[in-house]
Amino acid sequence: MIPASVSDYRLLAKKRLPHFLFEYIDGGAFSETTLTRNNRDFQQLALRQRVLRDVSCVSTASTLLGQPVSLPLALGPVGIAGFNARRGEVQAARAAEQAGVPFCLSTVSACSIEEVSAGTQAGFWFQLYMMRDRGFLQATLERAWAAGCRTLVFTVDMPVPATRYRDIRSGLSGGSAWQRQLARVCQVLARPRWAMDVGLMGQPLSLGNVASVLGDKAGIDEFWRWLGENFDASVTWKSLETIRQHWQGKLVIKGILDPEDAREAAQLGADGIVVSNHGGRQLDGALSSIVALPRIVDAVAGELEVLLDSGVRSGLDIVRALALGANGVIIGRPWVYGLAARGGAGVRDIIAIYEREVRVAMALTGCSSIAELSREILTTDTLTLD
């Protein structure tokens, strides 16, 4: 198959990855109600088709957090994404750099901050959780700054990890230790191309930024145990004040779904927020991000930049989000599908697919620049957003 869309790359990734890795990328929390809403609610936003307008010179160029970008899109942080292709995060960061869009490295990446920095020329964003181990947290911030990261994306919607049924069933987190290990070994053996590319040629396999506390020999089970013990459920806005005071670069708060929380972020002095439900992987039954977006934009208009993630599966979805007031979007699963299917070339193609679809949607709604995208390009006969 010649892939034409994000959904095509999803199918290719499913065929190539061990089952437990694909389910980790693809799944959501509990019954995946919010995961379904994320995709469905975008589709219910109808666009106004306009004709006989000069759209011979459509530009998708914009800025995100003061950074010029070719498209108002960033590759978001995805845990252990580097296990989906050989030195995966390095490949993805290079692809983003070549495409002129930001890349955000996860705290729990497979490749370390230093490896990604050495493999790229432009600076990248770094994502962090509030950890109980404050020494690890401070050391990680210092490593990120030393590596040239000037934008910190702080994830706040994971004080505790949610239950993800797919991860339990696949053997990633469910069953006894021997059941998990047996399931994963069998699934790896069923994907010899992945085993060769990542398991053998991708050595050394480590847990990136947390290898310093877990050791190079730690496996996935030790990794999950450490995460479960270190997520800090006591974190408050007061805790983030310390981060704001000590981080000299841009600070983005990720995981906002409520206007009151958006206002708190603005009062904190954050440079941006990400309207996000963690891709439907945390509170199942929460609002879709696109439905939550308009009220949040109205609550903090002009005070900080508003990005959106969760459910962005096409360039049309980017146009819809920008029309509702977002400054840009962040994608997670889609770029990992591309990475899993075809490495860095797949990530570049995913970005190119979004860019082409944005360009077509802009032209057919009569817009030549990103600045022209507003709620006026949405029909009144559309999803109720009040």
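The values are calculated or read from the model by the stated rules, or taken from the named source; none is laboratory data. Nothing here was measured: the structure is a model prediction, and the numbers come from that model. Note that each Cβ is placed from the backbone with ideal geometry, even for glycine, and that neighbours are counted across all protein chains shown. The area values use the complete protein model at the heavy-atom level, side chains included, leaving out ligands, DNA and RNA. Shrake-Rupley method; radii C 1.70, N 1.55, O 1.52, S 1.80 Å.
Taking all pairs of distinct Cα atoms, average 1/r, flip it, and tell me the Kirkwood hydrodynamic radius of region 307-386 in Å to one decimal place.
Details: mean 1/r = 0.0747 Å⁻¹.
Every distinct Cα pair counted, the radius reaches 13.4 Å.
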Computed P(r) (all Cα pairs; region 232-386; 5 Å bins; percent): 2, 9, 16, 18, 19, 16, 11, 7, 2, 0
Whole-angstrom Cα spans of region 1-151 along principal axes, big to small: 59, 38, 31
Percent of beta bridges antiparallel (DSSP, the chain, rounded to nearest 5): 15
Over region 36-75 - Rg/Rh using Cα atoms and the Kirkwood inverse-distance radius: 1.10
Compactness of region 104-212 - radius of gyration and Dmax, Cα, Å: 16.6, 43
Computed over region 1-50, Cα set: Rg, Dmax in Å: 14.4, 45
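Would you mind getting me the FRET efficiency between Leu205 and Leu11? Use the beta-carbon distance for r and R0 = 25 Å, nearest 0.05. Could the numbers behind the result be given before it?
Values: r = 26 Å, r/R0 = 1.04.
The computed FRET efficiency comes out at 0.45.
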Region 196-306 - convex hull of the alpha-carbon atoms, volume per residue in Å³: 171
Span per principal axis, largest first, for the Cα atoms of the chain (Å): 63, 51, 41
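For Cys104, Cys186, write out the residues from largest to smallest accessible area, computed with a 1.4 angstrom probe and no ligands counted. Before the final figure, lay out the partial values.
On the way: Cys104 5, Cys186 75 Å².
My answer, sorted largest first, is Cys186, Cys104.
Ignoring ligands, DNA and RNA, please state the percent of accessible area on region 110-187 from carbon and sulfur, probe 1.4 Å.
Numbers: 1950 of 3490 Å².
Carbon plus sulfur share of accessible area: 56 percent.
Would you rank Tyr129, Tyr9 by solvent-accessible area, highest first, keeping every protein chain in place and using a 1.4 Å probe?
On the way: Tyr129 25, Tyr9 0 Å².
Descending accessible area places them as Tyr129, Tyr9.
What number comes out for accessible area per residue over the chain if the probe is 1.4 Å? Units Å², please.
42
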Share of carbon and sulfur in the accessible heavy-atom surface of region 236-386 [1.4 Å probe, %]: 48
